[in-house]
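Enquirer: Dropping a structure here in structure tokens format, bear with me for questions.
The values are calculated or read from the model by the stated rules, or taken from the named source; none is laboratory data. Just so we're clear, the structure is a prediction, and the values are computed from it rather than from any experiment. No Cβ is skipped: glycine too gets one built from the backbone with ideal geometry, and neighbour counts run over all protein chains shown. In case anyone asks, the SASA skips ligands and DNA or RNA and just uses the protein heavy atoms, side chains included. Shrake-Rupley method; radii C 1.70, N 1.55, O 1.52, S 1.80 Å.
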Amino acid sequence: MKGGKLIVFSAPSGSGKTTIVQYLLKQEELNLDFSVSCTSREPRAEEIHGTDYYFINLKEFKQHIKNHDFLEWEEVYRDNFYGTLKTEIERIWAKGKNVIFDIDVVGGLRIKKKYPKETLAVFVKPPSVDELKIRLKKRKTESEEKINMRIAKASVELATAPQFDYIIENKVLETALQESKEMVLNFIKK
Ligand code: 5GP
């Protein structure tokens with residue numbers, strides 16, 4: 001532990017948390033670096049190995065589980081595993097930076113539990129589940145079946161919101177961005 005902070009952004013898929021996280025990464029005064037997760041899902045067209053995710057196969061993923069390499073991991077959707085390697089945090093802290101995570105609610109709360117003082121856990125709330133569906137359809141990155149799977153999970157995820165340090169409602173993106181930046185700035189100054 002090198003005194004860096006951990007900033008967790010969790011939300012149902014389609015809430016806009018990735019947009020918020022990407023915005024925060026560009027704010028130099030926050031001194032953030034992105035925790036690149038491992039996943040067993042297929043890369044989307046624009047995604048880059050080592051930048052967006054470490055894309056590994058199921059066998060490799062299971063080997064990491066066996067070796068206790070993960071700080072946390074989840075089968076977020078059926079046969080789609082996601083996990084944070086312990087070495088990611090070490091890599092970022094060694095650079096003297098704070099870590100920002102874009103992970104699901106279970107993983108986010110797990111990190112908060114493991115590092116209660118160092119972690120700011122933020123839940124990004126979509127205006128409604130209907131709005132979520134519209135956003136996911138617009139995004140066109142998932143099949144109808146996968147969208148339905150993500151929507152079904154969203155209600156369960158929304159129920160965990162009170163366990164987070166902060167809830168940000170992503171109704172107007174610009175407001176959510178400013179609110180997020182202020183919150184992170186206050187936390188890292190502590
Ligand atoms: P997507 O397939 O849309 O990139 O991600 C699906 C969900 O998995 C998102 O909620 C994303 O934040 C989450 N996720 C990404 N990386 C991790 C991780 O390392 N651990 C956990 N628990 N969830 C993750």
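Enquirer: Of K17/K95; K97/K190; K117/K171; K66/K112; K62/K153, which sit over 20 Å apart, Cα to Cα?
Expert: On the way: K17/K95 25 Å; K97/K190 15 Å; K117/K171 29 Å; K66/K112 23 Å; K62/K153 23 Å.
Checking Cα-Cα distances, K17/K95; K117/K171; K66/K112; K62/K153 exceed 20 Å.
Enquirer: I've got another one for you. Would you kindly work out the equivalent ellipsoid of region 96-190 from its C-alpha gyration tensor and give its semi-axes, the square roots of five times the eigenvalues, largest first in whole Å?
Expert: Sorted largest first and rounded, they come to 26, 16, 12 Å.
Enquirer: OK, next. Accessible area per residue, 1.4 Å probe, Å², for the chain: what's the number? Don't jump to the answer; show the numbers that get you there.
Expert: Details: 10120 Å² over 190 residues.
In whole numbers, the chain has 53 Å² accessible per residue.
Enquirer: Highest mean first, what order results for 54-67, 99-112 on Cβ atoms within 10 Å?
Expert: Per-residue Cβ counts within 10 Å, averaged per peptide and sorted highest first, yield 99-112, 54-67.
Enquirer: I would also like to ask the following. If we restrict to alpha carbons, what Rg and Dmax does region 6-189 come to, in Å?
Expert: For region 6-189, the Cα radius of gyration and maximum Cα-Cα distance read 15.7, 44 Å.
Enquirer: Let me ask something else. Within a Cβ distance under 10 Å of S40, other residues only, what is the Lys/Arg minus Asp/Glu net charge?
Expert: Neighbour charge sum, excluding S40 itself: -1.
Enquirer: Which whole-number percentage describes the relative contact order of the chain, with Cα contacts under 8 Å and a sequence gap of 6 or more?
Expert: For the chain, the relative contact order is 33 percent.
Enquirer: Please report the projected area of region 1-51's Cα convex hull averaged over all directions, in nm². Could the numbers behind the result be given before it?
Expert: Values: hull surface 19.6 nm².
One quarter of the hull surface, i.e. the mean projection, equals 4.9 nm².
Enquirer: Sticking with this structure for a sec: Can you give the extra length, in nm with one decimal, that the chain gains between K189 and S155 once fully stretched, where that is 0.36 nm per residue apart less the Cα-Cα distance?
Expert: Details: separation 34, 0.36 × 34 = 12.24 nm, distance 3.40 nm.
Separation in residues times 0.36 nm, less the Cα-Cα distance, equals 8.8 nm.
Enquirer: Still on this structure, I have one more. Solvent-accessible area of Y166, probe 1.4 Å, all protein chains present, reported in Å² to the nearest ten, please.
Expert: 110 Å²
Enquirer: Carbon and sulfur: what percent of the chain's accessible surface (1.4 Å probe)?
Expert: Summing carbon and sulfur atoms, their accessible area is 52 percent of the total for the chain.
Enquirer: Where a ≥ b ≥ c are the square roots of the eigenvalues of the C-alpha gyration tensor, would you call region 121-174 rounded, which needs a/c under 1.5, or, failing that, prolate if a/b is larger than b/c, or oblate? Working shown, then result.
Expert: Numbers: a/c = 2.60, a/b = 1.53, b/c = 1.70.
Since a/c reaches 1.5 but b/c is at least a/b, the shape of region 121-174 is classed as oblate.
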